[in-house]
1. Arrange the following residues from fewest to most other Cβ atoms within 10 Å of their Cβ: GLU113, GLU60, GLU99.
2. Within a 10 angstrom radius of the beta carbon, how do TYR214, TYR106 rank from fewest other beta carbons to most?
3. Rounded to the nearest 500, what is the chain's calculated 222 nm mean residue ellipticity when only DSSP H runs of at least 4 contribute -39500 (n - 2.57) each, over all residues?
4. Spin-label point model (7 Å from Cα, Cβ direction): what's the GLN64 to ALA155 distance in nm?
5. Could you check which residue among GLY190, GLY103, GLY152 shows the biggest mean-square fluctuation in a GNM of the chain with a 10 Å Cα cutoff?
6. With Cβ to Cβ distances under 13 Å as the rule, what net charge do the other residues near LYS209 carry (K, R +1; D, E -1)?
7. Please order SER216, SER77 by the number of other Cβ within 10 Å, starting at the fewest.
8. In nm, to one decimal, how far is the ASN204 label point from the ALA133 one, both placed 7 Å along Cα→Cβ?
Amino acid sequence: MAKKCPFLRQIEMLEDNYRQRGLRNKLVKVLQNKGIKDERVLAAIGKVPRHVFFENAFLEHAYQDKAFPIGEGQTISQPYTVAFQTEKLEVKPGDKVLEIGTGSGYQACVLLEMGAKVFTIEYNKKLYETAKAFLPKLGYKPFFFFGDGSKGIPAKAPYDKIIVTAGAPVVPDALIDQLGDGGILVIPVGDRNKQVMLKITKKNGKLTKEEFDYFSFVPLLGEQGWGK
Ligand code: SAM
């Protein structure tokens with residue numbers, strides 16, 4: 001059988017057809033049933049094509065509510081986790097959001113769909129390069145950075161919102177410093193296997209901390225994370 005031209009394969013992969021939209025609507029209902037209420041978060045998840053982050057052989061996994069390997073020992077977060085963190089972040093159109101852990105870029109797309117201006121940083125060179133090349137093809141244009149996000153990106157601070165998508169041993173001071181007044185930081189903190197989701201709000205220099213459910217993230221590496 002003749003081999004399909006790679007260009008045609010890519011177009012097919014990026015295609016968002018009736019079946020995929022249907023599966024996405026089902027995923028949105030699953031997330032609603034699990035307690036996600038923010039209509040804007042649900043609408044964003046309903047819009048971002050998750051299947052394009054998967055190789056053809058794994059397409060049937062794209063709209064299941066589970067994390068999935070993206071190579072380099074990393075994962076695309078479970079949709080429920082993305083929805084939960086995004087809901088806690090209370091994203092408003094025009095918010096300046098820093099995301100630590102670009103990974104596949106899926107979470108950044110959800111934030112962009114909600115009208116945020118997104119700065120995303122990734123520690124793994126290959127994942128950084130892949131996301132930077134791929135997202136604009138989908139029409140998503142965050143500002144990409146390569147480096148240790150446990151230190152934030154001081155040059156672009158302050159941020160209205162900061163989301164950390166890897167498990168941290170402690171809340172990095174740098175991220176608190178880079179949070180603007182009225183800002184919200186959402187970060188999973190704990191040991192290497194299990195972390196509690198924290199929402200930290202900064203108001204007039206005062207910090208308020210709320211604790212939510214337990215999650216299991218890959219470790220936040222770097223200076224203010226688990227190290228190299
Ligand atoms: N947000 C991602 C998505 O939508 O696909 C999922 C992120 S994945 C669970 C965690 C990511 O954090 C990995 O890609 C990992 O390489 C990255 N990471 C770990 N430590 C980091 C650090 N210090 N700075 C930036 N990225 C880091």
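1. GLU60, GLU113, GLU99
2. TYR214, TYR106
3. Only helices count here, giving -8500 deg cm²/dmol.
4. 4.2 nm
5. Maximum among the listed residues: GLY190.
6. Residues close to LYS209 contribute a combined charge of +3.
7. Listing SER216, SER77 from fewest to most nearby Cβ atoms yields SER216, SER77.
8. According to this spin-label approximation, the distance is 5.2 nm.
None of the figures in this text is laboratory data; all of them are computed from the coordinates on show. Please read all numbers here as calculations on a predicted model, not as lab measurements. For neighbour counting, all protein chains shown are included, and Cβ atoms are generated from backbone atoms with ideal geometry for every residue, glycine included.
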